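What follows is a short report on a single structure.
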Amino acid sequence: MSLPIRYPTASLKPHREESLLSGHLWVFSGALQQPPHWIEPGGLVDVKSATGQFVARGYYNPQTDIAIRILTHNADEAIDAAFLRRRIHSAIELRQVFDLRQTNCYRLVHAEGDGLPGLVVDRYADILVVQISTAGMESLRPLLIDALMEETGVSALLLRNDSQSRRREGLAVEEPIVAAGEVPPQVAVRENGVQFLVDPWQGQKTGFFIDQRDKREALRKYAGYAGNRRILNCFSYTGGFSVYAALTGKETVVTSVDISAPAIEAARQHFTLNGLDPGSHRFLIADVFDYLESARRGGEQFDVVVLDPPAFAKTQSTRTQALKAYRRLNMLGMQVLRPGGILLTCSCSGVVGMDDLLGVLSQAAHGLRRPVQLLESYTHGVDHPINLVMPETAYLKAVFCRVG
Ligand code: SAH
């Protein structure tokens, strides 16, 4: 008979175990009766109820508001290499929904959504790009790298631990580190059969906004529909939405706007890579707000407008300000949209919910006295699963609508 698995104990205040029992993965510091003693940030702990019952097991950081992130609700499950392998294996199984001939870049591990808080793994063809955001996951790093390499059989792994949020956890913000194999400066990938080149070293996030795959696919039908040929892609980055739109037909003209010159240059290359003539399209390095103002003044009209801005609010305290910015952006977007045109509007601010985004849209429409028909709404896609009891981890909201 094997001995029960035990870690240092963190005790909850009375009745604070309910959300954990329903599958939530966070314990806020205020819920702790007795913080664990003698543990390094990131150390493993058993969370117990006020009456001493085992509730869950996770890792602890005394420096953060979320004091404990849960890894398992099973008292018999040790947190070791086999545990990591089981979680990674389960994540891989879900991603078998992708036909690799069409799509070979996707999120392989989506933190809480895949039961591995503090860990993001994106797969670009034969390469993994890994981001570790918590001290607890950091302490599992050597086991994790081995488990990822063995379970996926990829050729290389790059650690991109460059997020500023690591500081809150007491972790260093690092330069990219090659943890296994060789990582080229660019990786060629396919997404829904469309070709892209991803820069895993310096590209934003881990190189590409793979969370927009399903929205890009959905856009195709609108770019082809009702003679919609004038497409405006605001905050285009490397032209993800732009290439999909341009591929809908020879008469389609896409305007891509981004403030980043390297992103716009990459967008141009992506057109060429997909057999499109960049000379037939427009690529603008500009602030979207300035561009939209001048396009409106110049009376420009588009059939389809995409608004995919960076997160305007990173914290609750900036939320009100952010909602104003979303309202202004959506109003400007509608003003360059022909009556009956299609608007795709997105928010990747975690603190801005779908209701907030819809509220902003109706305010913008009301201000312009234009009717809006809601057509489709999206989150991040199947490779960014959302833990049902943690809707607060769903950061991306996207809505297609027709503006009359
Ligand atoms: N839609 C893109 C991802 C957009 S990410 C895709 O599918 O890949 C947000 C982009 O907005 C970044 O490329 C960033 O450079 C750009 N950006 C941020 N602020 C901007 C501004 N004020 N004007 C124009 N672009 C901006």
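Every number here is computed from the coordinates shown, using simple stated rules; none is lab data. Bear in mind that the values here come from a model prediction, so they are computed numbers and not experimental data. Note that each Cβ is placed from the backbone with ideal geometry, even for glycine, and that neighbours are counted across all protein chains shown.
Points to keep in mind about this one:
- Derived scalar couplings between HN and Hα for region 358-370 equal 5, x, 4, 4, 5, 5, 4, 5, 4, x, 9, 6, 10 Hz in order, rounded to whole Hz, by the Karplus curve 6.51 cos²θ - 1.76 cosθ + 1.60 (θ = phi - 60°), x for Gly and Pro.
- Filter on Lys48/Lys314; Lys13/Lys48; Lys215/Lys397; Lys221/Lys250 - keep pairs with C-alpha separation over 20 Å: Lys48/Lys314
- The loop-placed trypsin sites (Lys or Arg not before Pro) in region 83-187, going by DSSP, that have at most 15 neighbouring Cβ atoms within 10 Å of their Cβ come out as Arg101.
- Dipole of region 188-312 [Lys/Arg +1, Asp/Glu -1 at C-beta], most positive-end residue of Tyr244, Ser256, Leu197: Tyr244
- Taking label positions 7 Å along the Cα-Cβ direction at both Thr315 and Val173, the computed distance is 1.5 nm, reported to one decimal.
- Alpha-carbon centroid distance for the pair region 85-123 / region 199-270, whole angstrom: 24
- Taking one quarter of the surface of the C-alpha convex hull of region 1-149 gives a mean projected area of 9.8 nm².
- Given charges at beta-carbon only (K, R positive; D, E negative), |dipole| of the chain in Debye: 1360
- For the chain, relative contact order (Cα pairs under 8 Å, six or more residues apart, normalised by length) works out to 11 percent.
- Region 112-150 residues near the modelled Asn74 label - backbone nitrogen below 15 Å, point 7 Å along Cα→Cβ: 115-116
- Within region 256-397: Cβ-based charge dipole about Cα centre, in debye rounded to nearest 20 (Lys, Arg +1; Asp, Glu -1): 520
- Reported value for region 94-236: 129 Å³ per residue, from the convex hull of its C-alpha atoms.
- Taking Cα centre as origin and charging only the Cβ of basic (Lys, Arg, +1) and acidic (Asp, Glu, -1) residues, the dipole magnitude of region 263-340 rounds to 420 debye.
- Exposed GluC sites (Glu not before Pro) absent - longest run of the chain, DSSP non-H/G/I/E/B, at most 14 other C-beta within 10 Å: 252-404
- For region 149-183 versus region 1-80, the inter-centroid distance based on Cα atoms is 27 Å.
- For Phe302, the amide hydrogen comes within under 5 Å of the amide hydrogens of Leu337, Arg338, counting only partners 5 or more places away or on other chains and with H modelled in the peptide plane.
- Vicinal HN-Hα couplings computed from phi for region 43-51 (Karplus, 6.51 cos²θ - 1.76 cosθ + 1.60; Hz; Gly/Pro x): x, 7, 9, 9, 8, 10, 6, 4, 8
- Ratio of Rg to Rh over the chain (Cα coordinates, Kirkwood Rh, two decimals): 1.01
- Residues Ser133, Ser29, Ser294, arranged from fewest to most other Cβ atoms within 10 angstrom of their Cβ, appear as Ser294, Ser29, Ser133.
- Taking only the C-alpha atoms of region 249-366, the Rg (one decimal) and the largest Cα-Cα distance, Dmax (whole number), read 15.4, 46 Å.
- Ala10 long-range amide H proximity, modeled H, under 5 Å: Asp46, Val47, Lys48
- For region 56-126, the spread of Cα positions along each principal axis, largest first, Å: 44, 27, 17
- Integer Hz, Karplus 6.51/-1.76/1.60 couplings in order for region 59-72, x for Gly and Pro: 10, 10, 9, x, 8, 10, 4, 7, 6, 9, 10, 7, 10, 8
- For region 317-404: rounded, prolate or oblate by the Cα gyration tensor [a/c cutoff 1.5]: oblate
- Cleavage-rule hits, chymotrypsin sites (Phe, Trp or Tyr not before Pro), region 1-89, DSSP coil, Cβ neighbours within 10 Å at most 12: Trp38
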